[in-house]
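Chemist: One structure follows; several queries about it will come next.
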Amino acid sequence: GFTCAAVSEMEAERLQELARVMKEKNVKLGGDQLSCLVKMVTLHGIPKDLDNYPKDLLLFLSPSDYAATGSCRQYFTNIGKANLDVLQRESPQRKQLLQEALACLKIPGARVNEENAEILGHLVCDLGAEYIRSSGGSLVKQLRQCDSFLPDQEEAVRSVISSGNTTFGPPAAWSAFTLNELSGLIPVFGHSILQKIPKNALTVWLRNFAQDSALSREQLATVVEELLPTRHKRADGCPPGKEVTEMVLNDDLMPIYYTPEELHACLKNVSLENHLSQILTYPFSVEQLAVLKRVLDEMYPDGYPQRLLPNLSTLLFFITPEDITKWKITSADTLAALLENQPSDAQASAIIGRYVGLGNALNATALNAIGMKYICLLNETELNTIDSDSLKPVSLNVSACSQITKDILYLKAKRAFSAQRNVPAYYELIQPYLGGAPAVDLQALSKDNVNMNISTFVALRRDSLMSLTIPEVWGLLGINFRDLRKWQNKSPIREWVQKQKQMDLDNLHTGLTGGTQEGYMNIVTPKFQPPSSASLGAVAMTLHLLPALLISLLMTLVLS
């Protein structure tokens with residue numbers, strides 16, 4: 001709940017105390033929160049005890065800022081343990097941090113030893129492919145902790161692992177214990193490495209270790225595919241000994257017992273309803289999942305019953321908009337269960353449309369289910385059915401939506417929170433919807449010391465933003481006003497700056513440039529309608545007389 005607006009009146013010492021408590025309680029803050037906190041904590045100078053503040057705060061400071069606390073080596077040891085994901089992948093800030101870390105650790109080439117890899121920590125995940133290849137097995141320990149890789153990084157990881165020149169040896173010699181040590185890299189391995197691992201090791205790992213790994217069902221399914229025969233024999237019936245019993249349905253290794261054809265044959269006349277939610281957590285391959293969907297279609301040709309819809313989970317991938325038209329989605333809870341499985345935009349739009357089409361209201365439960373991910377899919381008709389009070393308990397972000405969506409939801413949110421207009425909490429409630437605010441409302445807000453962050457400011461309605469004066473923008477941004485300089489060459493800040501007098505910008509001492517110089521004025525080129533053929537003659541006559549008119553004017557000025 002920490003925001004700049006909420007602590008704008010707090011004294012500096014009290015604010016620093018709050019930040020220290022955040023570290024003690026291991027509070028997780030987002031990028032905007034950290035950016036705000038670091039500005040307020042350092043308002044009267046850099047504290048000399050930065051180790052007592054949240055590690056993530058250091059992401060918004062530099063080694064020189066940390067100098068009074070410790071060495072650059074100590075600074076990057078802390079950075080390596082921080083949550084790098086608060087900075088966007090490939091962002092200038094993250095790239096600069098990595099370059100400064102390599103300089104601090106005096107790593108001249110592309111080879112990083114284990115000691116330096118330990119210090120770099122999560123920053124290892126940003127090292128380029130040339131570093132991964134050159135460093136060999138030195139980086140494997142840290143690479144296991146990375147959530148994702150760029151394509152060239154993945155190729156480099158596969159190259160290092162396939163070489164066998166690591167402490168883990170070649171994949172053909174791995175055991176289930178080895179695989180468990182490297183489980184964080186399994187999504188990168190691909191078929192080229194997985195096929196070399198002994199099948200017994202894969203089976204034992206799936207049985208004994210997979211449940212405790214951080215891998216998703218889809219990632220585990222890639223391991224299952226390696227254990228299935230590459231050629232599938234056509235199954236005329238369920239093979240002897242492969243009948244689907246209660247014991248089989250409760251076995252999370254069920255996928256490795258059946259080829260897709262066998263699965264279809266053995267599930268005939270087996271009721272999946274009571275086990276569907278459970279078995280869909282098993283790591284079935286894509287082909288096997290398609291079979292499960294086919295089995296359900298055969299069981300329910302007129303559409304799945306509503307009681308089954310909340311349990312579809314991974315089968316949603318195979319659901320078509322035509323399938324959805326057969327469903328009876330009559331409760332907001334069912335809508336929430338379906339959208340929780342993160343269907344595609346086309347599927348989500350069809351699901352929401354079906355729900356609304358059956359006469360159901362977009363109440364708070366439904367809006368919470370739609371959430372930030374799908375709110376922009378609502379059409380104008382659907383948006384207008386939302387009751388303003390339904391927005392009160394809901395948290396939405398409409399910054400990526402169309403302007404008409406922003407405008408409609410802003411008016412509804414303004415009505416919903418009108419009772420709080422004169423209390424500090426109002427800004428936090430209305431902030432997600434400000435992309436639809438008219439200029440007059442922003443001007444009123446500029447008097448409330450809200451410390452709007454720059455990401456909210458640049459997403460404001462363009463016509464509203466362009467009509468704001470320097471004092472009004474200062475009033476809105478407060479402590480974040482200096483962030484305008486980082487955006488001064490980007491739209492819409494560039495255009496807003498161009499409308500201001502450079503002299504007025506200079507008086508702010510923020511380094512903003514690009515305003516109108518004294519003695520000049522910005523001219524907006526008017527858009528004329530093409531002249532009709534009837535008026536072309538008059539235009540030609542005017543142009544013909546123009547030189548004579550100018551000469552006459554000059555003679556008058558000279559003689560006067």
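The values are calculated or read from the model by the stated rules, or taken from the named source; none is laboratory data. From a predicted model like this one, the values you see are computed outputs, not experimental measurements. No Cβ is skipped: glycine too gets one built from the backbone with ideal geometry, and neighbour counts run over all protein chains shown. To get the accessible areas, we keep the full protein, side chains included, count just its heavy atoms, and leave off ligands, DNA and RNA. Shrake-Rupley method; radii C 1.70, N 1.55, O 1.52, S 1.80 Å.
Chemist: Looking at 337, 83, 352, which one has the Cα that reaches farthest to the positive end of the dipole of the chain (charges on Cβ: Lys, Arg +1; Asp, Glu -1)?
Modeler: It is 83, whose Cα lies furthest towards the positive end.
Chemist: Still on this structure, I have one more. Restricting things to alpha carbons, tell me how big the chain is in terms of Rg and Dmax, in Å.
Modeler: Reported Rg and Dmax, both Å: 31.3, 116.
Chemist: So, one more: Just how large is the dipole of segment 34-92 about the Cα centre, in debye to the nearest 20, putting +1 at every Lys and Arg Cβ and -1 at every Asp and Glu Cβ?
Modeler: On the way: 6 positive and 6 negative charges, 13 e Å.
Result for segment 34-92 is approximately 60 debye, rounded to the nearest 20.
Chemist: Assign unit charges at the C-beta atoms only (+1 for Lys and Arg, -1 for Asp and Glu), then state the dipole size of segment 202-265 relative to its Cα centre in Debye, rounded to the nearest 20.
Modeler: Dipole about the Cα centre, nearest 20: 200 debye.
Chemist: Let me cross-check residue 55: its accessible surface, 1.4 Å probe, with only protein heavy atoms counted, in Å² to the nearest 10?
Modeler: Roll a 1.4 Å probe over it and residue 55 shows about 60 Å².
Chemist: Let me ask another. Please arrange 496, 487 by accessible surface area, largest first, computed with a 1.4 Å probe and ligands excluded.
Modeler: My answer, sorted largest first, is 487, 496.
Chemist: Where does each of 318-324, 286-292, 42-48 land if you order them by average Cβ count within 10 Å, highest first?
Modeler: 286-292, 318-324, 42-48
Chemist: Rounded to the nearest whole Å², what accessible area per residue is found for the chain with the 1.4 Å probe?
Modeler: Accessible area per residue, the chain: 53 Å².
Chemist: How far is it, in nm, from the label point at residue 331 to the one at residue 379 when both lie 7 Å from their Cα along the line to the Cβ?
Modeler: Taking the simple label geometry, residue 331 and residue 379 are separated by 2.8 nm.
Chemist: Modelling each spin label as a point 7 Å along the Cα-to-Cβ direction, I'd like the residue 181/residue 281 distance in nm, to one decimal.
Modeler: Result for the modelled spin labels: 3.0 nm.
Chemist: Tell me, how many Å apart are the Cα centres for segment 370-413 and for segment 83-103?
Modeler: A separation of 34 Å, based on Cα centres.
Chemist: Could you state the angle between the C-alpha long axis of helix 92-104 and the longest principal axis of the C-alpha atoms of the chain, as a value from 0 to 90 degrees rounded to the nearest 10?
Modeler: Long axis of 92-104 versus the principal axis of the chain: about 70 degrees.
Chemist: For every other residue with a beta carbon closer than 15 angstrom to the beta carbon of residue 123, add +1 if it is Lys or Arg and -1 if Asp or Glu, then tell me the sum.
Modeler: -1
Chemist: For residue 95, what is the net charge nearby, where nearby means another residue's Cβ is under 14 Å from its Cβ and Lys, Arg count +1, Asp, Glu -1?
Modeler: -1
Chemist: For segment 437-517, give the magnitude of the charge dipole about the Cα centre (Cβ charges: +1 Lys/Arg, -1 Asp/Glu; no others), in debye to the nearest 20.
Modeler: 260 debye
Chemist: I'd like the accessible area for residue 60: 1.4 Å probe, protein heavy atoms, all chains in place, Å² to the nearest 10.
Modeler: 60 Å²
Chemist: Which one of 446, 510, 464 is farthest out on the positive end of the charge dipole of segment 437-517, using unit charges on Cβ (Lys, Arg +1; Asp, Glu -1) and the Cα centre as origin?
Modeler: Working it through, the farthest residue towards the positive pole turns out to be 510.
Chemist: Then there's this: Tell me the relative contact order for segment 120-203 as a rounded percent, counting alpha carbon contacts under 8 Å between residues six or more apart. Could you put the intermediate results ahead of the total?
Modeler: Values: 75 pairs, mean separation 23.7, N = 84.
Over segment 120-203, the number comes to 28 percent.
Chemist: Counting helices only, and only those DSSP H runs with n ≥ 4, report the 222 nm mean residue ellipticity of the chain as the sum of -39,500 (n - 2.57) divided by its residues, in deg cm²/dmol to the nearest 500.
Modeler: Only helices count here, giving -13500 deg cm²/dmol.
Chemist: Same structure again: Between residue 489 and residue 449, with labels modelled 7 Å along Cα→Cβ, what's the label distance in nm to one decimal, could you check?
Modeler: Label at residue 489, label at residue 449, 3.6 nm between them.
Chemist: Which FRET efficiency value, to the nearest 0.05, do you get for residue 504 and residue 141 by plugging their Cβ-Cβ distance into 1/(1 + (r/R0)^6) with R0 = 41 Å? Could the numbers behind the result be given before it?
Modeler: Working: r = 55 Å, r/R0 = 1.34.
Step by step, r from the Cβ atoms, then E = 0.15.
Chemist: Suppose R0 equals 45 Å; then what is the FRET efficiency for residue 252 and residue 389 from their Cβ-Cβ distance, rounded to the nearest 0.05?
Modeler: It comes out at approximately 0.50.
Chemist: Continuing with this model, one more query. Output the relative contact order of segment 45-118, whole-number percent, from Cα pairs under 8 angstrom with separation of 6+ residues.
Modeler: 25 percent
Chemist: Less than 25 Å apart at the alpha-carbon level, and either on another chain or at least 8 residues along: which lysines does that give for residue 55?
Modeler: 23, 25, 28, 39, 81, 95, 106, 141, 486
Chemist: How many percent of the accessible area of the chain is carbon or sulfur, using a 1.4 Å probe?
Modeler: 53 percent
Chemist: Per 0.36 nm of contour for each residue apart, how much would the distance between residue 318 and residue 346 grow if the chain were fully extended, relative to their Cα-Cα spacing?
Modeler: Stretched out fully, the residue 318 to residue 346 stretch lengthens by 8.8 nm.
Chemist: Evaluate the relative contact order of segment 425-485 (contact order divided by residue number), counting alpha-carbon pairs under 8 angstrom at least 6 apart; express in whole percent.
Modeler: 42 percent
Chemist: Given a Förster distance of 25 angstrom, what is the FRET efficiency for residue 469 paired with residue 418, based on the Cβ-Cβ distance and rounded to 0.05? All intermediate terms of the calculation are to be shown ahead of the outcome.
Modeler: Working: r = 26 Å, r/R0 = 1.03.
Once rounded, the FRET efficiency stands at 0.45.
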